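Okay, structure first, notes after.
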Amino acid sequence: MTWRPGRRFRDDERGTVFGPLLIGPETVFSTLVAVVLGLPLVAALAGAVSKREHAFQYVSTAAASLVAVFTLTGTTQFAPRWTVVGILAILTAIAAHVWQFRHDRLDAVVAGSIYFAPVALGYVLLARIVVSIL
C-alpha cells in the first residue's frame, strides 16, 4: 500500500480494551471456582504423565475429588451441626483415600495435590460454619 499525500492513516484498534477490566468479587469468585474445579484435573493429568500405569487411578481420584467438592457445597444447606458433621465426614473420607496411597511417595503427592482444593474448600466452609455458630 502506498501513501498518498492528503490521506491519513486509519486508526488501528488492536490492543485496546473495549470495556472495563473485571477486577472485583466476581472475578475472584470465578477464579476460585476455576481453581477448585480445575486443579484436581490438572494434578491428575500431571500424575498420569509421570506414571502411566496409574493413570486410571488418578483420573478416578480426580472424579472423586469433584464429587467431594459438590458434596461439600451441598452440605451447607443443612442445620449447622449437620453441616459440621457432613464436612468432617467428607474430610475423613478424603484422608482415608489419600492414606491408601501411602506406600509410594509420588502417588501420595499426586493424590494430595488432587485433593488439595476440596480439602481447602472443606476447611473454609468448616471455619465459616463454626464462626457462625459461635
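The values are calculated or read from the model by the stated rules, or taken from the named source; none is laboratory data. Since we're looking at a predicted model, the values are computed, not measured. When we count neighbours, we look across all protein chains shown, and the Cβ atoms used for this are built from the backbone with ideal geometry, even at glycine. Heads up: the accessible areas ignore ligands, DNA and RNA and are worked out on the full protein's heavy atoms, side chains in. Shrake-Rupley method; radii C 1.70, N 1.55, O 1.52, S 1.80 Å.
The residue of segment 52-63 that is nearest to A34 (Cα to Cα), among those that are open to solvent by 40 Å² or more (accessible area, probe 1.4 Å) and within 21 Å of the chain's Cα centre (by Cα), is A63. Quick check: is even one residue across segment 68-76 farther than 20 Å from L39 by Cα, surrounded by 14 or more Cβ atoms within 10 Å (Cβ to Cβ) and touching a residue at least 24 places away in the same chain (Cβ under 8 Å)? There is at least one residue in segment 68-76 that is farther than 20 Å from L39 by Cα, surrounded by 14 or more Cβ atoms within 10 Å (Cβ to Cβ) and touching a residue at least 24 places away in the same chain (Cβ under 8 Å). Is it true that some residue in segment 9-21 is within 20 Å of the chain's Cα centre (by Cα), modelled with pLDDT under 70 and loosely packed, with under 10 Cβ neighbours inside 10 Å? No, because not a single residue in segment 9-21 is within 20 Å of the chain's Cα centre (by Cα), modelled with pLDDT under 70 and loosely packed, with under 10 Cβ neighbours inside 10 Å. Taking the criterion of being in contact with a helix residue (DSSP H, G or I) (Cβ under 8 Å, 6 or more places away or on another chain) and under 21 Å from G47 (Cα atoms), the residues of segment 61-92 that qualify are T61, A62, A64, S65, L66, A68, V69.
Between V110, V84, the distinction of being touching a Ser or Thr at 6+ places or on another chain (Cβ under 8 Å) and surrounded by 14 or more Cβ atoms within 10 Å (Cβ to Cβ) belongs to V110 only. Within segment 30-50, being modelled with pLDDT under 85 and surrounded by 15 or more Cβ atoms within 10 Å (Cβ to Cβ) holds for V35, V36.
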